[in-house]
1. Going by what's in this entry, would B:Leu84 be described as more than 14 Å from chain A (Cβ to nearest Cβ), in a helix (DSSP H, G or I), at pLDDT 85 or above and more than 22 Å from B:Thr311 (Cα to Cα)?
2. Tell me the residue from A:Arg249, A:Arg236 that is free of Cβ contacts under 8 Å to residues at least 24 places away in the same chain and of a type in the set (D, E, K, R), please.
3. Looking at (1) small (Gly, Ala, Ser); (2) within 25 Å of the chain's Cα centre (by Cα); (3) within 11 Å of another protein chain (Cβ to nearest Cβ); (4) surrounded by 17 or more Cβ atoms within 10 Å (Cβ to Cβ), which is the only condition A:Gly303 fails?
4. Run A:Ala370 past the list (1) more than 8 Å from chain B (Cβ to nearest Cβ); (2) under 17 Å from A:Val348 (Cβ atoms); (3) among the small types (Gly, Ala, Ser) and report the number of the one that doesn't hold.
5. In the range A:342-365, how many residues are over 17 Å from A:Ile449 (Cβ atoms) and not aliphatic (A, V, I, L, M)?
6. What about A:Glu264, is it acidic (Asp, Glu), surrounded by fewer than 20 Cβ atoms within 10 Å (Cβ to Cβ) and assigned to a loop (DSSP other than H, G, I, E, B)?
7. Here is a check on your reading of the model: is A:Asp395 within 9 Å of chain B (Cβ to nearest Cβ) and outside any loop (DSSP other than H, G, I, E, B)?
8. Counting only residues that are within 26 Å of the chain's Cα centre (by Cα) and within 11 Å of chain B (Cβ to nearest Cβ), which one in the range A:403-415 is surrounded by the most Cβ atoms within 10 Å (Cβ to Cβ)?
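The values are calculated or read from the model by the stated rules, or taken from the named source; none is laboratory data. Fair warning: this is a prediction, and the values are worked out from it, not measured in the lab. We place every Cβ from the backbone using ideal geometry, glycine too, and count neighbours over all the protein chains shown.
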Amino acid sequence: MAKILLEMKNITKTFPGVKALDNVNFQVEEGEIHALVGENGAGKSTLMNVLSGIYPFGTYEGDIIYNGEVCKFNTIKDSESKGIVIIHQELALVPEMSIGENMYLGNERGRKAAIDWNTTYAEADKYLKMVGLSESSKVRVKEIGTGKQQLVEIAKALAKNAKLLILDEPTSSLNEEDSRALLDLMLGFKKQGMTMIIITHKLNEVAYVADKITVVRDGATIETIDNTNRDIDEDRIIKGMVGRELTNRFPKREGVQIGEVNLEVEHWTVRHPLYPERIVVNDVSLNVRKGEVVGIYGLMGAGRTELAMSIFGQSYGILEGGTLKIDGKPVTLKKSTTDAIKHKIAYVTEDRKGNGLILSQSIKINTSLANLDSLANHMVIDKDREYQVAEEYRDKLKTKTPSVEQLVGNLSGGNQQKVLLAKWMFAEPDVLILDEPTRGIDVGAKYEIYCIINDLAAAGKSVIMISSELPEVLAMSDRIYIMNASRIVGEMPASEATQENIMATILRSGRGD
Amino acid sequence: MKNSPVLNFVKKNTMVIALVLVVIIFSISTGGKILFAQNINNLISQNGYVFVLATGMLLCILTGGNIDLSVGSVVCFTMGIGALILKSGAPIILAVLASLGIGLLVGMFQGFWIAWVSVPPFIATLAGMYAFRGLSNVVLGGYSVGVNNETFLKIFGGGADCYIPDFFHGNGLNITCIGLGVIAAVILIIMTIRNQSIRSKLGIAHNPAAEWAKTIVISALIIVIAYKLAQYKGIPSVLIWIALILLVYGYITANTAIGRYFYAVGGNEKATRLSGVNTKRVYFLAYANMGLLAGFAGIIALARAGHAEPTYGVGYEMDAIAACFIGGASAYGGVGRITGVIIGAALMGIINQGMSIMGISANYQSAVKGLVLLVAVLVDVLSKKEKA
């Protein structure tokens with residue numbers, strides 16, 4: 001048996017009112033990739049924050065034994081000096097700075113006062129090569145895509161002499177292709193003797209990359225599964241995570257009744273708002289019928305969000321051409337989301353914190369925002385009615401909260417997503433465009449969101465669901481559009497769609513067939 | 001560690017408690033002088049402009065911590081124009097409408113650049129601050145212009161004889177004043193009863209005990225202040241205007257859709273825009289309204305001073321901004337209430353006055369105000385940090 005590199009013993013961490021970690025034991029062997037899985041709020045991130053010194057020694061109980069010695073980390077610097085480096089889920093790069101500057105931010109090369117730029121860029125280039133990036137380290141971060149930015153984060157970690165690398169949701173904002181590349185990179189590092197811990201919601205990745213899988217549930221480690229032979233499947237992991245077998249991750253679509261075409265887009269072309277020479281949506285035509293769930297599958301950067309937002313009252317980009325028909329009649333939404341909402345279109349954003357919710361306000365105020373006029377008489381809001389509406393949707397969507405006066409910022413991801421859905425359901429749309437409706441939320445909450453989508457379709461609404469999770473698109477849609485490089489490159493009924501022929505469509509389109 | 005109800009109460013009402021403490025401290029250090037009827041009267045008359053400007057400033061701050069630096073200059077400018085019109089013998093209404101109209105135009109002008117051209121508010125209003133200070137000089141020709149129109153002074157002023165007359169001719173006690181105080185308190189109590197019954201009927205969660213406690217404290221305070229003012233000369237005219245503005249804007253911010261949009265834009269502008277709200281209009285309205293209220297502040301400042309001078313209004317914008325932040329408005333926008341503005345403005349006024357009575361120099365007063373502002377924002381920042 002290999003040497004134990006890290007052992008966390010009887011770790012207990014209490015926040016006011018909650019025990020976030022309860023007597024957790026966690027072991028990582030040298031040279032392995034160890035996955036940490038669990039639902040949102042299970043305690044994975046807390047555990048890693050204890051390890052990296054974000055929660056300093058003394059604020060938790062238990063011992064961290066690393067490389068055979070008991071460690072007392074007080075800051076991140078302490079843990080990094082031992083070679084424990086954590087890469088957080090949110091990219092921590094300054095867009096206006098060069099890759100090299102970013103990599104050595106807070107860790108500058110050179111003597112006391114002056115930074116030695118030659119060393120900085122030379123070393124940065126070396127590490128960039130190790131992660132397979134051909135860009136010069138002098139390129140500004142904002143000029144490279146998210147996938148490459150994630151690799152820069154890893155290069156940055158390597159530059160700190162990482163021996164134990166912790167990756168928190170490294171692929172959450174990457175498309176399938178970039179994700180796979182990243183996982184393969186991890187496997188490459190493993191061969192060179194690096195030890196890694198990966199936290200992720202994507203169980204197929206876990207099964208692919210991890211040697212050991214530790215399941216965390218309700219602040220405790222439930223079990224550690226051995227996956228050295230890559231014989232563990234997703235269902236086995238889910239069983240550990242939720243404590244029961246999830247026989248079905250997707251609810252059945254029942255009573256499907258598909259009616260007339262509700263919304264139709266023809267030859268829709270959109271240019272980038274800042275760089276008009278770039279076409280982000282190219283001659284797209286699609287339609288959705290009443291009671292139908294239409295999936296749009298595509299990799300990140302394919303132009304899906306841009307398409308959706310530009311349909312939604314031209315809230316993105318410069319519309320170059322195309323017609324939008326609702327119930328067969330052409331309409332122009334004069335550059336305003338107000339118009340789109342009036343025409344009963346709703347767009348539920350992929351970025352619920354950035355574009356969707358007001359975190360500093362209550363559930364009640366968020367729920368009513370998109371349809372406040374219906375609660376107001378001559379501009380005066382009927383606040384009692386507003387409260388009742390918020391309560392109604394809390395009930396309907398089973399949002400877990402003590403009260404609708406609770407600030408949205410205090411809710412978990414899944415519950416925030418429900419508030420966002422409530423807001424748009426209250427706007428009473430006929431067409432709902434859902435952009436990545438289950439991103440970053442746990443398995444249980446996902447199931448509930450799927451049920452809501454099915455209910456909406458059953459009530460005769462038209463649903464367009466944009467997603468980069470293939471199983472989700474396959475299971476939830478009646479019909480699937482495939483989008484790649486700004487174009488719709490394929491359309492197929494769900495009955496004919498498989499993982500293989502969707503990926504094949506994308507690859508074919510990439511070759512320009 | 002559980003949050004005890006006491007701790008919660010303290011956290012929620014930090015500035016109210018601070019206000020009470022400051023009043024107690026000054027009552028002791030001035031030997032009770034600060035609670036003399038005349039001093040309470042002066043407190044209101046002297047600080048009228050702060051209440052008015054801070055109300056407008058709150059809306060700007062709500063939209064995302066944006067401030068309006070031009071209000072001091074605009075107050076001076078509208079003061080000057082009002083004074084000149086009155087001097088020419090034109091009717092009062094003309095002077096009032098001119099001040100309000102010009103204030104509104106200035107606000108719309110700045111709002112246009114901020115909302116539709118995306119000029120940062122700080123810069124747009126800094127430009128206004130210079131420009132209208134200069135124009136005030138131009139309009140007044142560098143001189144002081146006096147106002148002799150007694151009626152104007154009486155309607156808007158806080159000077160020697162600018163009071164609501166006592167219709168009942170009480171002997172040493174202004175009966176009208178007490179009457180109005182009692183009426184205000186009764187209206188407040190009736191509204192509380194109505195609210196409670198509606199909430200109970202609709203099954204909305206509420207806390208009757210706390211709401212009643214609040215109503216009773218506020219009603220008592222109104223009656224005590226009314227009684228104090230009655231002992232002196234009654235209700236200063238300017239108090240009626242302040243109360244009107246605070247009530248109207250309190251209602252707008254709490255109960256109307258446009259009021260809600262100020263909070264929403266400050267909380268998350270993108271999300272608000274994607275919810276079908278014309279966010280540019282919201283910014284525009286905030287600054288247009290600020291201009292209007294600056295015009296109104298110009299009127300009451302003119303009536304208080306009795307004349308206009310090119311140097312008036314310097315630093316008014318900072319008083320307004322400070323009142324908002326002391327009153328709990330968030331420097332990032334989206335959080336803040338009119339009641340907070342009242343508390344913030346009152347706290348600053350009391351500190352000024354208390355120290356004046358104690359004979360402390362104005363230089364120290366300014367230093368203490370600065371300290372209070374820092375501590376107030378510190379409390380806000382720290383209480384938020386604890387939550388995270």
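1. For B:Leu84, the condition - more than 14 Å from chain A (Cβ to nearest Cβ), in a helix (DSSP H, G or I), at pLDDT 85 or above and more than 22 Å from B:Thr311 (Cα to Cα) - is not met.
2. A:Arg236
3. Of everything listed in (1) small (Gly, Ala, Ser); (2) within 25 Å of the chain's Cα centre (by Cα); (3) within 11 Å of another protein chain (Cβ to nearest Cβ); (4) surrounded by 17 or more Cβ atoms within 10 Å (Cβ to Cβ), A:Gly303 misses just condition (3).
4. Result: A:Ala370 passes all but (1).
5. 9
6. Considered against the rule, which asks whether it is acidic (Asp, Glu), surrounded by fewer than 20 Cβ atoms within 10 Å (Cβ to Cβ) and assigned to a loop (DSSP other than H, G, I, E, B), A:Glu264 comes out as no.
7. It is false that A:Asp395 is within 9 Å of chain B (Cβ to nearest Cβ) and outside any loop (DSSP other than H, G, I, E, B).
8. As a first pass, look at the range A:403-415 and keep what is within 26 Å of the chain's Cα centre (by Cα): A:404, A:406-415.
Subset that is within 11 Å of chain B (Cβ to nearest Cβ): A:404, A:407-410.
Details: A:Val404: 25, A:Leu407: 16, A:Val408: 27, A:Gly409: 16, A:Asn410: 14.
It comes out as A:Val408.
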